[in-house]
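Peer 1: I have a structure here, written as structure tokens, and I will follow up with some questions on it.
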Amino acid sequence: MVRRNATRPNALLEIRGQIELLAEQVETNADYLELITFRVRRGQVFAADVLRQREFVEQTRARKLLAESSRKILEHRLGI
């Protein structure tokens, strides 16, 4: 995720913004997973929908972790 020219001044602000956005997305996805799980119990949706949403939550968490790692690398490059 860290680009070769990532030492430009606003790169750190950009990646922090990405991390914040991904954190919000993880929370939203987890909330939706709870809703889908409830609906499965009531027979309103299929269990496959829960599995797809779980995967989506985990993919978003992984993207957030990757962004956090990139932020740490960038901070190291900038000497922060």
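We did not get these values from a lab; they are worked out from the coordinates using the rules stated. Computed from a predicted model, the values in this text were never measured in an experiment. Neighbour counts are summed over all protein chains in view; Cβ atoms, including those assigned to glycine, are modelled from backbone coordinates with ideal geometry.
Peer 1: Hey, in the GNM for the chain with a 10 angstrom Cα cutoff, which one of Arg61, Arg52, Arg42 fluctuates hardest?
Peer 2: Arg42
Peer 1: Let me ask another. What angle, in degrees between 0 and 90 and rounded to the nearest 10, separates the Cα long axis of helix 47-78 from the longest principal axis of the Cα atoms of the chain?
Peer 2: 10 degrees
Peer 1: A follow-up question, please. Which value in nm describes the separation of the simple spin-label points at Leu66 and Glu14, placed 7 Å from the Cα toward the beta carbon?
Peer 2: 1.6 nm
Peer 1: Moving on to the next point. Can you list residues whose amide H is under 5 Å from Val45's amide H, if they're 5+ apart or on another chain and H is modeled 1.01 Å from N?
Peer 2: Val40
Peer 1: Which value, in debye to the nearest 20, gives the size of the charge dipole of the chain about its Cα centre, when Lys and Arg are +1 and Asp and Glu are -1 at the Cβ?
Peer 2: 300 debye
Peer 1: Determine one quarter of the surface area of the Cα convex hull of the chain, which equals its mean projected area, and express it in nm² to one decimal. Please report the intermediate quantities before stating the final value.
Peer 2: Working: hull surface 21.7 nm².
It is 5.4 nm².
Peer 1: Over the chain, what relative contact order in percent results from Cα pairs under 8 Å that are six or more residues apart?
Peer 2: 50 percent
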